[in-house]
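Notes to accompany the following structure.
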Amino acid sequence: MKNREHLLRIIQHHKLSHAYLFHGEAGAGKLETARWFAKALQCGAQGGEPCGTCRSCLQADGGNHPDILFLRPEKPATIGVDDIRDQINNEMGIKPYSSAYKIFIIDGAERMTVQAQNALLKTLEEPPSYGILILLTENADIFLPTIRSRCVILNFDPAPEEERMRRNPEWQEMKEHCGGVLERIGSMSLEQVYDAGKEISQYKDQIDRYLDFMLQWYRDDLLRKERGEASHCSYRKISKNITAIEEARTRIRSNGNIDLALEMMLFAIKEKESSW
Ligand SMILES: [Zn+2]
């Protein structure tokens, strides 16, 4: 919450920067805060909080705001120099369609190659007056010092798990569902995997959160391994499964076909879990 208050003050006092770096663990609220910040900036309602009812706010909620853009890399695992040139540098030169700002959000920004970071520097060095970049990352250390020095850095504390759960029984249910699916997926029939995908897509309003729970499940498995306890699968499988989950997230963000993305993810995990 302290970050939102900070951002709210930035808006109220017109002390905007051109680049922000949100740093913190998965589930710490970076993406939600970035969406809220972008929406608040574009809404322009008095007081700084987004009104939630104007055309701009509705577009932001619907994920189709023409001046709030999410970088969608060609390959899910890395953000390459072409992704930055095509989707940021070139686009940044075009004025906003309907709002005061043109806002670019790069989630998983640690995926940027060094060349991509150098390309991004061009925009960071000479941003147009309307341009705002928000980088989200779990690891700020990988960025070039020249990138970091041009960003306002906000650290996000990991939300205390139990507190979050208490406040949100639906998350508890999702987490249990997620554990149930991943526990059993290796022994599921193809039809059961298909059905599991259908069940998960019922959480589509909170699909990012669901995918976070899946990642958390595998991270916990890694921790168990490191402590020498019994775990569900090998390092290689865990890392492949994490990639499959991240790919699903990217697919959902880029084309929005949740059912298909979930099926592809579950079948990829199933394939790994069923083989040794
Ligand atoms: Zn509004």
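The gain in end-to-end length when the E25 to K225 segment is fully stretched comes to 70.0 nm, 0.36 nm per residue minus the alpha carbon separation. In this label model, K122 and R148 are separated by 2.5 nm, measuring between points 7 Å along each Cα→Cβ vector. Computed from the Cβ-Cβ distance with R0 of 25 Å, the FRET efficiency linking D141 to T243 stands at 0.75.
When the chymotrypsin sites (Phe, Trp or Tyr not before Pro) in the range 64-152 are filtered for DSSP coil states and for at most 11 other beta-carbon atoms within 10 Å of their beta-carbon, the remaining sites are Y97. Helices in the chain, meaning DSSP H runs of at least 4 residues, each add -39500 (n - 2.57). Divided by all residues, the mean residue ellipticity at 222 nm is -16500 deg cm²/dmol. Among the listed pairs K75/K272; K95/K198; K225/K272; K2/K95; K204/K272; K175/K272, those with a Cα-Cα distance over 29 Å are K95/K198; K2/K95. Using a 7 Å offset from Cα along Cα-Cβ at T113, what residues in the range 131-154 end up with backbone N under 17 Å from the label point? Zone members listed by number: 143-144. Across the chain, the longest piece that holds none of the trypsin sites (Lys or Arg not before Pro) lying in DSSP loops with up to 14 other C-beta atoms within 10 Å covers 16-226. Here the relative contact order of the chain, from alpha carbon pairs under 8 Å that lie six or more residues apart, stands at 21 percent.
Across the range 2-156, the mean sequence separation of Cα contacts (distance under 8 Å, 6 or more residues apart), normalised by length, yields a relative contact order of 35 percent.
Readers should treat all values here as calculations from the given coordinates under stated rules, not as data from a laboratory. Model, not experiment: these values are computed from the prediction. Using ideal geometry, Cβ is built from the backbone for each residue, glycine included, and neighbour counts are taken over all protein chains shown.
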